[in-house]
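Enquirer: Sharing a structure with you now.
The values are calculated or read from the model by the stated rules, or taken from the named source; none is laboratory data. It should be emphasised that the depicted structure is a prediction, and the values quoted were computed from it without experimental measurement. Please note: Cβ atoms are built from the backbone with ideal geometry, for glycine as well, and neighbour counts cover all protein chains shown.
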């Protein structure tokens, strides 16, 4: 029998077995090796060799972080508010050999544990805590899930609550609460403004009290500002006391001096009047005032 007929097929079988026993693993992959059903160790990354003809078999594991989306969960908070919450869990395989031999499907198991943990934590928290302290709730859920998956060789790196859906009745109640809070702030700010304005007005009154001429100027300025509005007619009584500043202190003005002072004030008011529909009425009132003062002065002169 020709030896070549035996050697050539044997070499071919060995070469095929060697070629099929070579594996290439990426940097983020590990291969868990079983030799005749018994765990040996995890290999990789790079080129690895397996004993051919089924003596060694490999289970490939991915070590990258996985984003697991938790389906929306309907639950009730501690203060009896129905909410619908969904979240996302980030985890990775930390121990490939443990993840293979300790649990059948670590992905499904982690998903179920995350759902039950999320419902449990929300049930122990109030709605205000869930809305205002979301980061603390995320950390609590992460720690609980990580402790549960640690025996499986799974490391939970983060948990994020994505959305909290509230009933329409609760949304309307929260909107009313927010509106009432805004109104309260507006009233407080308005009261503070009134207090500050009253303080400034009190200081201004003290200054005007020391300088009587300032009150006269303020009165004339008010007349000009009101006369600028051409949609109404305004008559101002002018008390004699406003013109005491024009009289020397300690000296009583004569009726002729008072009449001249009133006439000068009225003429200045006519000159300061803006053009408009009410100008004619205001001019007539001022001229009548001038005439009255002139008549009073003449009568006083006759009496003297």
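Enquirer: Out of (1) under 58 Å from the mean Cα position of the chain (by Cα); (2) farther than 30 Å from residue 119 by Cβ; (3) surrounded by 11 or more Cβ atoms within 10 Å (Cβ to Cβ), what's the single condition that is false for residue 63?
Expert: Only one criterion in (1) under 58 Å from the mean Cα position of the chain (by Cα); (2) farther than 30 Å from residue 119 by Cβ; (3) surrounded by 11 or more Cβ atoms within 10 Å (Cβ to Cβ) is unmet by residue 63, namely (2).
Enquirer: Quick one: which residue in 118, 127 is over 21 Å from the mean Cα position of the chain (by Cα) and either buried (at least 16 other Cβ atoms within 10 Å of the Cβ) or modelled with pLDDT under 95 (or both)?
Expert: The match here is 118.
Enquirer: Could you tell me which of the residues 151, 167 is under 24 Å from the mean Cα position of the chain (by Cα), touching a residue at least 24 places away in the same chain (Cβ under 8 Å) and exposed (fewer than 13 other Cβ atoms within 10 Å of the Cβ)?
Expert: Being under 24 Å from the mean Cα position of the chain (by Cα), touching a residue at least 24 places away in the same chain (Cβ under 8 Å) and exposed (fewer than 13 other Cβ atoms within 10 Å of the Cβ) holds for just one of 151, 167, which is 167.
Enquirer: Among the residues of segment 30-42, are any closer than 30 Å to residue 162 by Cα, modelled with pLDDT under 95 and surrounded by 13 or more Cβ atoms within 10 Å (Cβ to Cβ)?
Expert: The answer is no; no qualifying residue exists.
To keep it simple, each residue is scored yes or no on (1) outside any strand (DSSP E or B); (2) at pLDDT 95 or above; (3) under 26 Å from residue 40 (Cβ atoms).
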residue	(1), (2), (3)
69	no, no, no
74	no, no, no
80	yes, no, no
85	no, no, no
98	yes, no, yes
104	yes, no, yes
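Enquirer: Out of curiosity, is residue 186 over 26 Å from residue 68 (Cα atoms) and either under 29 Å from the mean Cα position of the chain (by Cα) or surrounded by fewer than 10 Cβ atoms within 10 Å (Cβ to Cβ) (or both)?
Expert: Criteria met by residue 186.
Enquirer: Report yes if residue 158 is touching a helix residue (DSSP H, G or I) at 6+ places or on another chain (Cβ under 9 Å), surrounded by fewer than 17 Cβ atoms within 10 Å (Cβ to Cβ) and in contact (Cβ under 8 Å) with a residue 12 or more places away in the chain, otherwise no.
Expert: yes
Enquirer: If you check 139, 160, which single one turns out to be part of a helix (DSSP H, G or I) and under 34 Å from the mean Cα position of the chain (by Cα)?
Expert: After applying the criteria, what remains is 139.
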